[in-house]
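A quick write-up on the structure given underneath.
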Amino acid sequence: MSPRRPSWMQNDWSVVKRGWDAQVLGEAPHKFQNALEAVKTLRAEPKANDQYLPPFVIVDESGKSVGPIVDGDAVVTFNFRADRMVMLAKALEFPDFDKFDRVRVPKIKYAGMLQYDGELKLPSKYLVSPPLIERTSGEYLVKNGVRTFACSETVKFGHVTFFWNGNRSGYFDETREEYVEIPSDSGITFNEQPKMKALEIAERTRDAILSGKFDQVRINLPNGDMVGHTGDIEATVVACKAADEAVKMVLDAVEQVGGIYLVTADHGNAEDMVKRNKAGQPMLDKSGSIQILTSHTLQPVPVAIGGPGLHPGVRFRSDIQTPGLANVAATVMNLHGFQAPADYETTLIEVVDK
């Protein structure tokens, strides 16, 4: 199977259109005299947060937008993540762009902080060469015969495929890999359907495990992250319960086939949704209400390794001072019976003879 453009990189063009309308056309549902007034006003709306702050423009006394992108401007886009940047670069650079009516396309000098898509060469001009990520754990295992299944829903599908593989689209070996994308809900905020597609992901993963066709499955359950960002605590509780149910379904399948599991996260989000002061006490706004935290948290995340297939002498190492996500790759390789390359971050586990 030839590489394809992953849908997670172009899954909601309405978001880009709202940005285009505000930034290029100078049109938005909210107009303000200055940015401070805009943020204060919009943040005062019920359930408002930075994740879903509606678009606005700054206007002069006559109501005319003061800063649209026009002919002759220089524009630089920057973001750590590639997905939305690729979409915006298409809108700015593709003459035959057809995802929405741009109305006008300004003649600008445009560059990205990085080139976010090396295959499509987007953006065509960039300030810093993108990092070359080679010899990922996924590539190593596939090339050593490990049959792999990867699954998530659209909003995190790239995290178990494109990002996991070092910003590379497609398969390393189509005969040994299968990628399954469950379409995410679109047109709504995540707290409206907080279960998201957790159970569908788990069902497909369970079936893959029980099929006997794969040596490794990797999945991402987005609920705690995506619903947590909305600041809706009640919805986040529902989201976490759905994720728990999904994890149980997968672990039950691992148990049934005598396998090994590794469960972890790349950051916290849903375990603490309240802004706190240095003493750890909840912070209050001017009205006395608790301030909701919608960003990622800074607490360490857990990692759990187990299953009937785990060698009884396997233990977590105690000599790693600051273990983290970077140590997981070598750990997974070890669990498959391989020695990780010497320049990888060290494994989290060791075998202790009984």
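In the chain, which helices (entire DSSP H runs) extend 24 Å or more along their own long axis, judged by Cα positions, while averaging at least -0.5 on the Kyte-Doolittle scale?
On the way: long enough: 233-257 (36 Å, 0.77).
Long hydrophobic helices here: 233-257.
Compare the Cα positions of PHE149, GLY324, PRO29 along the charge dipole of the chain (+1 at Cβ of Lys, Arg; -1 at Cβ of Asp, Glu; about the Cα centre) and return the one farthest towards the positive end. Of the options given, the answer is PRO29.
When each of the peptides 26-35, 265-274 is scored by how many other beta carbons lie within 10 Å of its residues on average, the order from highest to lowest is 265-274, 26-35. In square nanometres, what is the average projected area of the Cα convex hull of the chain? For the chain, the mean projected area of the Cα convex hull comes to 21.5 nm².
Would you mind working out the magnitude of the charge dipole of the chain relative to its Cα centre, with +1 at each Lys and Arg C-beta and -1 at each Asp and Glu C-beta, to the nearest 20 Debye?
On the way: 40 positive and 47 negative charges, 97 e Å.
Approximately 460 debye in magnitude.
Computed across region 7-112, the Kirkwood hydrodynamic radius from all distinct Cα-Cα pairs reaches 15.0 Å.
So, R0 is 35 Å and r is the distance between the beta-carbons of LEU132 and VAL76; what FRET efficiency does that work out to, to 0.05?
Working: r = 22 Å, r/R0 = 0.63.
Calculated transfer efficiency: 0.95.
For the listed peptides 145-151, 321-327, 129-135, a ranking on the average number of other beta carbons within 10 Å per residue, highest first, reads 145-151, 321-327, 129-135.
Note on SER65 and HIS311: their simple-model spin labels are 6.2 nm apart, each label 7 Å out from Cα toward Cβ.
Please sort 334-346, 170-182 by packing, taking for each peptide the average over its residues of neighbouring beta carbons within 10 angstrom, highest first. Present the calculation step by step, with values, prior to reporting the outcome.
Details: 334-346: 13.8, 170-182: 17.2.
The most tightly packed comes first, giving 170-182, 334-346.
With the helix formula -39500 (n - 2.57) applied to DSSP H stretches of n ≥ 4, the chain reaches a computed 222 nm mean residue ellipticity of -8000 deg cm²/dmol. Each Cα pair of region 82-139 feeds into the Kirkwood radius, which the Stokes-Einstein equation turns, at 37 °C and 0.692 mPa s, into a diffusion coefficient of 257 µm²/s.
Here the extension length gained between PHE100 and GLU27 equals 24.8 nm, from 0.36 nm per residue of separation less the Cα-Cα distance.
Where nothing but the Cβ of Lys and Arg (+1) and of Asp and Glu (-1) is charged, how large is the charge dipole of region 7-112 around its Cα centre, in debye to the nearest 20? Computed about the Cα centre, the dipole is about 180 debye.
Coordinate-derived values only; no laboratory data. Note that the structure is a prediction, hence the values are computed from the model and not measured. So basically every Cβ, Gly included, is an ideal-geometry build from the backbone, and we count neighbours across all protein chains shown.
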